[in-house]
1. Using 23 Å as the Cα-Cα cut-off, could you pick out the over-long pairs in K44/K383; K31/K117; K6/K44; K238/K306; K37/K124; K37/K157?
2. With +1 on each Lys and Arg Cβ and -1 on each Asp and Glu Cβ, and nothing else charged, work out how big the dipole of the chain is about its Cα centre, in Debye to the nearest 20.
3. How big is the dipole moment of segment 80-165 about its Cα centre under a simple scheme where the beta carbon of each Lys and Arg is +1, that of each Asp and Glu is -1, and everything else is neutral? Debye, nearest 20, please.
4. Let me have the 222 nm mean residue ellipticity of the chain computed from DSSP H runs of 4+ only, each contributing -39500 (n - 2.57), with the sum over all residues rounded to the nearest 500.
5. Taking the chain as a Gaussian network, Cα atoms linked when under 10 Å apart, which of V90, V112, V167 shows the biggest mean-square fluctuation?
6. Please name whichever of Q320, Y12, L368 sits farthest to the positive end of the charge dipole of the chain, dipole taken about the Cα centre and charges placed at Cβ: Lys and Arg +1, Asp and Glu -1.
7. Nearest 20 debye, what's the magnitude of the dipole of segment 168-263 about its Cα centre given +1 on Lys and Arg Cβ and -1 on Asp and Glu Cβ?
8. With every protein chain kept in place and ligands, DNA and RNA left out, what is the accessible area per residue of the chain? Probe 1.4 Å, answer in Å².
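The values are calculated or read from the model by the stated rules, or taken from the named source; none is laboratory data. Treat the numbers as computed from the prediction; the structure is a model and nothing was measured. Virtual Cβ from ideal backbone geometry, glycine too; neighbours counted across all protein chains shown. Each accessible area value is taken on the protein alone, full model and side chains, heavy atoms only, with ligands, DNA and RNA left out. Shrake-Rupley method; radii C 1.70, N 1.55, O 1.52, S 1.80 Å.
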Amino acid sequence: MQYTVKDRFLKYVQVDTEADPASGLVPSSEKQKNLTKIILEELKSMGISASTNDAGYVYATLPSNNGEGAKKVFFCSHFDTAPDCSGTNVKPILHKNYQGGDIVLPDDPTQVINTTKYPYLKEKIGDDIVTASGHTLLGSDDKSGVAIIMDAIYQLKNNPEIKHGDVKILLTTDEEIGKGVAQVELERLDADFGYTLDGGELGTMESENFSADGATIKIQGVSAHPCCALGKMESAMKIAADILAALPKDKLSPETTSGMNGFIHPIKIEGKMESAEIKFILRDFDTTMLETHKNTLDTICKEVMKSYPKSSYELYTYKQYRNMKDVVDQHPYVVEFAVQAMKNIGITPNVQSIRGGTDGAVLSHMGLPCPNLFAGMQAIHSKHEWVSVQDMERAVDMVMEICRLVGEDK
């Protein structure tokens with residue numbers, strides 16, 4: 001089999017698809033649709049029916065070549081790149097047959113990728129490594145996934161001896177700003193379950209993720225002119241500072257937790273003397289603990305406010321996403337297909353939990369169980385981003401084998 005994933009990937013990353021969290025548009029940047037157009041043309045050239053929507057998503061179906069009765073599986077990735085690092089004028093560099101040592105990025109020689117910073121690189125000796133040139137991110141998150149899905153569909157289309165059921169494609173925009181499946185049309189997708197291709201190291205699969213709430217504390221202080229503030233002024237900014245200072249120092253924060261431990265994390269503060277606002281994210285694998293984290297915040301606020309009797313606060317939380325495990329555990333075959341596919345092609349599966357969220361988590365709670373599979377991406381959202389071509393090729397093999405296994409299971 002002659003893979004196309006490398007050439008597709010090198011092409012896709014040169015298309016600027018950086019998301020814009022401040023725009024308020026859908027998609028947040030119109031340029032994301034430039035990749036939508038490319039993908040639609042490629043699918044058309046394969047003879048695969050595909051369509052888009054106003055958000056620039058791509059929906060496509062490779063019909064079953066093995067009769068009816070099998071479940072309909074979809075594969076999902078996103079077009080956009082993170083605004084954390086520039087995605088404009090990406091110049092991918094292919095480092096063939098990597099033999100160890102430093103990879104110095106030519107446009108900025110201070111940017112060096114090595115095995116000390118990235119130990120996984122030690123396992124990629126002999127692989128072809130793709131990096132950016134030093135001024136931008138690479139875009140492997142998640143154009144690796146897009147290229148993998150497109151190559152897998154290409155191979156299935158051109159090798160009809162590989163039997164499969166209906167295979168669906170969902171490629172989205174604005175995942176990096178938390179809106180990756182906000183415009184999804186489930187009837188249009190018409191699938192039973194699926195997988196996001198948005199993970200890292202070879203063999204990894206994430207079937208569990210944080211549940212997430214946002215929280216906001218609104219503080220109403222008492223303003224007064226500094227010349228005559230004695231006994232009157234209660235600065236909302238100082239109240240906010242006291243609340244933040246009262247957060248636990250040795251637990252319940254991202255910098256003091258790992259593994260399955262959740263946290264309370266302030267992400268934004270703004271205010272003036274009379275009023276202030278603090279925004280938090282609450283995270284935990286155990287969804288019921290989100291209420292506990294809210295209560296911890298509330299207790300801290302009550303204690304702080306004892307020193308400010310004329311002021312007040314409001315605390316409210318809102319749902320962001322939930323642990324996919326709550327849904328995936330009800331459909332164990334979804335994990336079993338992926339694990340068996342990896343084993344069948346000689347990959348050791350590594351089923352993990354992710355301390356974050358995925359589009360698959362949102363889709364799972366929409367009724368489509370959707371774990372996350374490896375796509376090879378490393379050092380994402382940075383100028384050091386890199387990926388192994390061979391990891392992407394193995395992911396193509398995995399996707400094809402999942403399709404074969406699902407197509408047999410009637």
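1. Numbers: K44/K383 34 Å; K31/K117 33 Å; K6/K44 20 Å; K238/K306 13 Å; K37/K124 33 Å; K37/K157 20 Å.
Beyond 23 Å: K44/K383; K31/K117; K37/K124.
2. Working: 42 positive and 58 negative charges, 124 e Å.
The dipole magnitude comes to about 600 debye.
3. Values: 8 positive and 12 negative charges, 46 e Å.
The dipole of segment 80-165 has a size of about 220 debye.
4. Working: 10 runs with 115 residues, N = 410.
The helix contribution divided over the chain gives -8500 deg cm²/dmol.
5. V112
6. Selected residue: Q320.
7. Values: 8 positive and 16 negative charges, 171 e Å.
Charge dipole of segment 168-263: 820 debye, to the nearest 20.
8. Each residue of the chain exposes 43 Å² on average to a 1.4 Å probe.
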